[in-house]
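Following: one structure in structure tokens, then a few remarks.
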Amino acid sequence: KIDIGAIIPKGTHVLPLDNVTDLNEGDWIQIQILNFHMSPLAGEYLIGNVAQSWIEVGQVAQIREVDDTTVPPTITIWEPTNMEYLDNYGSPYGVLVETIVKPLTPVSGIGFENFKIQRTDGKRAEDGDFRGYNFDFEYAVNCWVRGVESKKPARAHIDIEQSARIEVSGCYLNNAHL
């Protein structure tokens, strides 16, 4: 993991990092805030050790440029940051948070097109560690689901986690969370 060297505002492409030695143009990274919660009430961000469930917050991005000549060294990503990322030395909320960048080796170019799928095993989402999605993209980039009819998943039809540039289009999705 690589620590973020400063607060990064939403909408920026340039990220100051403590170290860029193992990062290269074209690499994929995951920007992640640790010690982060989302309030189930007003949709507010809560930082620190509170009673709500932990959630992973951040984004997956591709590196456009690495600059080790600046202090601190920086990387430039193709997509702008999707939120403000706090530095590792404190936050305006008065609680220590940690924002990190992790190199990522995602799967790429996986697509599903023009077919029907229906879950028939009868399992429910509550059955142990059963995930129950008809399509599950995790650590994936440049993937797609097009023109698919999906029926009766135990949970959501399509789950997308720690991924980027996933296209879902022209699909018919029905009878979820059975």
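Only one of these is surrounded by 13 or more Cβ atoms within 10 Å (Cβ to Cβ), free of Cβ contacts under 8 Å to residues at least 60 places away in the same chain, in a strand (DSSP E or B) and not small (G, A, S): V168, V101, V141. Name it. Quick ask: steps written out before the conclusion?
Working: V101 fails: free of Cβ contacts under 8 Å to residues at least 60 places away in the same chain; V141 fails: free of Cβ contacts under 8 Å to residues at least 60 places away in the same chain.
None of the other options fit; the residue is V168.
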Here's a check for you: in the stretch 108-118, which residue that is assigned to a strand (DSSP E or B) and open to solvent by 80 Å² or more (accessible area, probe 1.4 Å) is nearest to V145 (Cα to Cα)? E113
Only one residue in I33, I63, I4 is of a type outside the set (D, E), at pLDDT 90 or above and buried (at least 17 other Cβ atoms within 10 Å of the Cβ). Which one? I63
It is to be established whether one or more residues within the stretch 38-45 are charged (D, E, K, R), modelled with pLDDT of 80 or more, assigned to a loop (DSSP other than H, G, I, E, B) and open to solvent by 30 Å² or more (accessible area, probe 1.4 Å). no
Restricting attention to the stretch 7-27, report how many residues are surrounded by 19 or more Cβ atoms within 10 Å (Cβ to Cβ) and within 18 Å of the chain's Cα centre (by Cα). 2
Could you please let me know if Y89 is modelled with pLDDT of 50 or more, among the aromatic types (F, W, Y) and open to solvent by less than 20 Å² (accessible area, probe 1.4 Å)? no
Just the residues that are open to solvent by 70 Å² or more (accessible area, probe 1.4 Å) and at pLDDT below 90, please, taken from the stretch 119-138. T120, D121, K123, R124, E126, D127, D129, R131
Any chance you could count how many residues in the stretch 71-86 are in a strand (DSSP E or B), in contact with a Gly (Cβ under 9 Å, 6 or more places away or on another chain) and at pLDDT 90 or above? 1
Residue satisfying all of: in the stretch 144-165; open to solvent by 30 Å² or more (accessible area, probe 1.4 Å) and under 23 Å from T105 (Cα atoms); nearest to the chain's Cα centre (by Cα) among these: Q162
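The values are calculated or read from the model by the stated rules, or taken from the named source; none is laboratory data. None of these values were measured; they are calculated from a predicted model. FYI the Cβ positions are ideal-geometry reconstructions off the backbone, even for glycines, and counts take in every protein chain you see. Heads up: the accessible areas ignore ligands, DNA and RNA and are worked out on the full protein's heavy atoms, side chains in. Shrake-Rupley method; radii C 1.70, N 1.55, O 1.52, S 1.80 Å.
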